[in-house]
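> Encoded as structure tokens, here's the structure I'll be asking about.
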Amino acid sequence: MKFAVIVFPGSNCDVDMFHAVKDELGENVEYVWHDTDSLEGFDGILLPGGFSYGDYLRTGAIARFSNVMKEVVKAAEAGKPVLGVCNGFQILLEAGLLPGAMRRNESLKFICKPVELKVTNNNSMFSSEYKENEVITVPIAHGEGNYYCDEETVAKLKANNQIVFTYNGTNPNGSLENIAGIMNEKGNVLGMMPHPERAVDELLGGADGLKIFKSIVSQWREANVVNA
């Protein structure tokens, strides 16, 4: 499987994402600059965290208009897995690939610490390696991670089982319904504020995030690889 790590001006978690795929998964991966006009040849798309375009105007609002985003939309429409983490999640929201919006943390402070997540849906291409309701520890690092949507949208998210991860116990940012990660109705686009790419090696404090990447590869192989 071949992944593209999209790099925007201001991205700062692209190297972590690259490491998770190349060194921990052993899969092919390339950095792809924001002005590229094709994502042909890539099987999965990763939008990393950071401060794209300095978070000017609104987090993800400028990156959403980058040239590569037209290709990300095409990839999503084609059913390819698209994972947006932190700023990547914010960009997916701005691009309309996921519903809702992101607000400042309730505390109005930047928060950087490990948090507990509950796997509320383990029947997705991003979470199939986890057990249902499994509690995992993954770090967060954001100032605007307070997810919000209207009542109709949250009802749809629940009805379609689109809420994949929730904060377990303490809600660090005030996010609606403790939401930490959601996917689209089709199930191939996931946005989450916690950083799984920073939790892929026990030597670095834990590997609970690695199963997200393993799930993507496992699901992709099941759908695309024919065993002789």
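The values are calculated or read from the model by the stated rules, or taken from the named source; none is laboratory data. Values in this document were obtained by computation on a predicted structure and should not be read as measured data. All Cβ positions, even for glycine, are placed from backbone atoms using ideal geometry, and neighbour counts span all protein chains on display. To get the accessible areas, we keep the full protein, side chains included, count just its heavy atoms, and leave off ligands, DNA and RNA. Shrake-Rupley method; radii C 1.70, N 1.55, O 1.52, S 1.80 Å.
> Could you check how many residues of the range 9-38 are without any contact (Cβ under 8 Å) to a residue 60 or more places away in the chain, surrounded by 21 or more Cβ atoms within 10 Å (Cβ to Cβ) and part of a loop (DSSP other than H, G, I, E, B)?
Number of matching residues: 0.
> If you don't mind, another one. Any idea which residue in the range 39-58 is least open to solvent (accessible area, probe 1.4 Å), counting only those that are of a type in the set (A, V, I, L, M) and assigned to a loop (DSSP other than H, G, I, E, B)? Can you show your working first?
Kept after step one, since they are of a type in the set (A, V, I, L, M), are these residues of the range 39-58: 39, 45-47, 57.
Filter once more, keeping what is assigned to a loop (DSSP other than H, G, I, E, B): 39, 57.
Numbers: 39: 9, 57: 146 Å².
The selected residue is 39.
> Taking residue 67 as the residue in question, decide whether it is open to solvent by 50 Å² or more (accessible area, probe 1.4 Å), at negative phi, free of Cβ contacts under 8 Å to residues at least 60 places away in the same chain and touching a Ser or Thr at 6+ places or on another chain (Cβ under 8 Å).
Details: open to solvent by 50 Å² or more (accessible area, probe 1.4 Å): yes; at negative phi: yes; free of Cβ contacts under 8 Å to residues at least 60 places away in the same chain: yes; touching a Ser or Thr at 6+ places or on another chain (Cβ under 8 Å): yes.
When the stated conditions are applied, residue 67 passes them.
> Tell me yes or no: at least one residue of the range 138-148 is open to solvent by less than 50 Å² (accessible area, probe 1.4 Å), in contact with a Phe, Trp or Tyr (Cβ under 8 Å, 6 or more places away or on another chain) and of a type in the set (Ser, Thr, Tyr).
Within the range 138-148, none of the residues are open to solvent by less than 50 Å² (accessible area, probe 1.4 Å), in contact with a Phe, Trp or Tyr (Cβ under 8 Å, 6 or more places away or on another chain) and of a type in the set (Ser, Thr, Tyr).
> Being aliphatic (A, V, I, L, M) and either modelled with pLDDT under 95 or over 29 Å from residue 104 (Cβ atoms) (or both) is the filter here; which residues of the range 64-83 pass it?
The first filter runs over the range 64-83 and keeps only residues aliphatic (A, V, I, L, M), leaving 68-69, 72-73, 75-76, 78, 82-83.
Scanning the range 64-83 gives 75, 78.
> Oh, and also: Please verify whether residue 157 is in contact (Cβ under 8 Å) with a residue 24 or more places away in the chain, in a helix (DSSP H, G or I), open to solvent by less than 30 Å² (accessible area, probe 1.4 Å) and within 24 Å of residue 77 (Cβ to Cβ), treating the condition exactly as stated.
yes
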